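The values are calculated or read from the model by the stated rules, or taken from the named source; none is laboratory data. Computed from a predicted model, the values in this text were never measured in an experiment. Here the Cβ positions follow ideal geometry from the backbone for every residue, glycine too, while neighbour counts run over all protein chains shown. Heads up: the accessible areas ignore ligands, DNA and RNA and are worked out on the full protein's heavy atoms, side chains in. Shrake-Rupley method; radii C 1.70, N 1.55, O 1.52, S 1.80 Å.
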Amino acid sequence: MFSVAAPHAKGKCAEDNIFAANNRAIALAEKIGNDQVVNGTVGSILDEDGNLVVLDVVKEALTKLSPKEICAYAPIQGYRKFLDDCIDQCFGESRPEGYIDACSTPGGTGVLHHVVHNYSEPGDEVLITDWHWGAYDSLIDDNNRRVRSFSFLTEEGHFNAPAFKEAVEDILKNQDNIVIILNGIANNPTGYCMSVAEWQKAVDILKDAVADGRKNAILVPDVAYLDYSGEKQECRKFFKVFGGLPKNILVVCAYTLSKGFTMYGQRMGAMIGISSDKDVIKEFVDINQYSSRATWSNCNSAAQNAMIHICEDPDKIRQLDEERARYFKLIQERASIFMKEAREEGVKFVPYISGFFITIPVTNSQAVCDDLEKQHVFLVPLKKGIRLAVCSVSREKMKGLAHKLALAIKAAGARQ
């Protein structure tokens, strides 16, 4: 194939198996009826009738925006009120001690791009968990960095601190900065949530690894599913462990409006920096604003202003919290149905606590998913298993799904 691309770009292709499976499910539903298709691919909340959920308080805020609030350019860093609201919404009552500031980004993906680009060097390894959102790989690779993963969970189903420690120490033998993306809250694709003690253990490992002051650690908690991970204040307590850290450890929270405000397609989020050093945070804002100007320039004004209007009204915040709690409960009910039936069928799954997804570890995942599609069931094949989006499958359609999965695993000759 003749190519005019630069060497670092040749051969890249953005084929996404999640969107591909979703497109097949939608096409089949249009042909035979939505009630005949189980679409467990969508990483968005769907109601019991299969319709996209947009929170009522968000719909109201969007419809009341003025043309200027929708169309005007936003500041490169983002509207100040928006950034302050992101910080408040992210941390709740568990704001960590230290200097904190934020920059707007197009969703959590923008956060990950900037951190990889600005805090690691070409050729560096970026550390992620073995169970992770597949786009992490391309975000790292496209920046000419290398993916390094560690085993996220032990055989007992807890955070694998020894594996994390080994990977951190090994990487720091060869590079001055280590960037770690840790989706430890309602993990995509497993639904596992690290406890406060497990987050503390991860931080302690980093403190020991850079204790001599010659190396730096940049920890990125990806909190995309935070608002569907538990009771509002309880699930945020882990943020406190990021306070008072040495100045050579920077924490950057990848916060997004996609899930918590159901504004998926508006592509709006913020990178929230936490440091014990004032200069580190000033540099954080300066370099990331520069990168924003050099990539997407500025971000979506409408989404920022919608959030501002919601967060300036205590009644609207209460409504926001109530709606989130209602859908959190619905997702938990769906997950409970699947887990109960999976246990009865002998189908194993990675320990699930909360969030949008459950993962079934299995070999030959593509063949299993191919067999399921013959039964009009669409799930996402992963390298080490299959992802089920409990956020998008109704309670009624969840019934019997574990049985179909058990049959498909057997038909494909797969092992768990």
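Annotations for the structure displayed:
- Value of D in µm² per second that Stokes-Einstein yields for the stretch 285-416, Kirkwood Rh from Cα pairs, at 20 °C (1.002 mPa s): 122 µm²/s
- Once you divide the Cα radius of gyration of the stretch 238-292 by 2.2 N^0.38 Å, the number left is 1.32.
- Helix-derived mean residue ellipticity, 222 nm - over the chain, DSSP H n ≥ 4, -39500 (n - 2.57), to 500: -13000 deg cm²/dmol
- The equivalent ellipsoid that matches the C-alpha gyration tensor of the chain spans semi-axes of 33, 27, 22 angstrom, in descending order.
- Contact order for the chain, expressed relative to its length and based on alpha carbon pairs under 8 Å spaced 6+ residues apart, stands at 25 percent.
- LEU182 long-range amide H proximity, modeled H, under 5 Å: VAL220, ASP222
- Applying 0.36 nm per residue to the separation of LYS12 and LEU46 and subtracting their alpha-carbon distance, the gain on full extension is 9.0 nm.
- Computing FRET efficiency as 1/(1 + (r/R0)^6) for THR63 and ASP35, where r is the C-beta to C-beta distance and R0 is 22 Å, gives about 0.10.
- Neighbour-limited loop hits for trypsin sites (Lys or Arg not before Pro), the stretch 189-256 (at most 10 other Cβ within 10 Å; DSSP other than H, G, I, E, B): ARG214
- Take the Cα of GLN200, step 7 Å toward its Cβ, do the same at GLU156, and the gap between the two points is 1.7 nm.
- Contact order relative to length of the stretch 138-204, as percent, for alpha carbon pairs under 8 angstrom and 6 or more apart: 23 percent
- Rounded to 0.05, the FRET efficiency of the THR363 and ARG395 pair, given R0 = 41 Å and the Cβ-Cβ distance, is 0.90.
- Span from the the stretch 72-134 Cα centroid across to the the stretch 256-303 one, whole angstrom: 5 Å
- In the complete set of protein chains, residue-level accessible area for TRP131 is approximately 30 Å², probe 1.4 angstrom.
- Anchor LYS165: aspartates and glutamates whose Cα lies under 14 Å away (excluding residues fewer than 8 positions away in-chain): GLU198, ASP204, ASP208
- Length-normalised contact order of the stretch 187-245 in % [C-alpha pairs under 8 Å, at least 6 apart]: 49 percent
- Calculated log₁₀ intensity ratio I(q)/I(0) where the Debye formula runs over C-alpha points of the stretch 44-172, q = 0.13, 0.15, 0.19 Å⁻¹: -0.88, -1.08, -1.25
- Inter-label distance, nm, simple model (7 Å from Cα along the C-beta direction), ALA27/GLU234: 4.4 nm
- Mean projection of the Cα convex hull over all viewing directions, computed for the stretch 266-331: 6.7 nm².
- Stretch in the chain that is longest and holds no GluC sites (Glu not before Pro) that DSSP places in a loop and that have at most 10 other beta carbons within 10 Å: 232-416
- For the stretch 244-275, backbone nitrogen atoms closer than 20 Å to the point 7 Å from ASP212 Cα along Cα-to-C-beta are found at 246-250.
- Where labels lie 7 Å past Cα in the beta-carbon direction, separation of VAL4 and TYR99 in nm: 4.7 nm
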